Amino acid sequence: MANAAIKVREHLRTNPIQTLHQIKKALIDLKASEISMALCYLMKHGYLTRELVVNENLGRKQIWQYQFKEKTQ
């Protein structure tokens, strides 16, 4: 899990606004459950915010879009 959080955080530093689908495509070595747990961990610690956006693809009408922000203390 810690390895997944590090990989997701490093990916989001270079691409600060992503959906779960975009993150999954970029980090193919991680399972979907590992990515979801890493996103929850990063949100809990103040690295991410999320908003509901309209899905442009088939499937769900709305999806979460995550935005990375550097944690300031």
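The values are calculated or read from the model by the stated rules, or taken from the named source; none is laboratory data. What you see is a predicted model, and the numbers here were worked out from it, not measured in a lab. Positions of Cβ are backbone-derived with ideal geometry, glycine not excepted, and every protein chain shown enters the neighbour counts.
Could you tell me whether the range 23-31 includes any residue that is loosely packed, with under 11 Cβ neighbours inside 10 Å and not acidic (Asp, Glu)?
Yes - at least one qualifying residue is present in the range 23-31.
Would a scan of the range 50-60 turn up a residue that is in contact with a Leu (Cβ under 8 Å, 6 or more places away or on another chain) and among the aliphatic types (A, V, I, L, M)?
No: the range 50-60 contains no residue that is in contact with a Leu (Cβ under 8 Å, 6 or more places away or on another chain) and among the aliphatic types (A, V, I, L, M).
In this structure, does residue 58 turn out to be among the hydrophobic types (A, V, I, L, M, F, W, C), at pLDDT 95 or above and loosely packed, with under 11 Cβ neighbours inside 10 Å?
no
Quick check on my filter: what residues within the range 1-28 are without any contact (Cβ under 8 Å) to a residue 12 or more places away in the chain and more than 21 Å from residue 71 (Cβ to Cβ)?
Correct list: 22, 24, 25, 28.
Being closer than 17 Å to residue 4 by Cα, surrounded by 12 or more Cβ atoms within 10 Å (Cβ to Cβ) and out of contact with any Ser or Thr (no Cβ under 9 Å at 6 or more places or on another chain) is the requirement here; does residue 43 meet it?
Here the answer is no, as residue 43 does not meet what is asked.
Can you name the number of the only condition in (1) under 14 Å from residue 4 (Cα atoms); (2) surrounded by 14 or more Cβ atoms within 10 Å (Cβ to Cβ) that residue 66 fails?
That leaves (1) as the condition not met.
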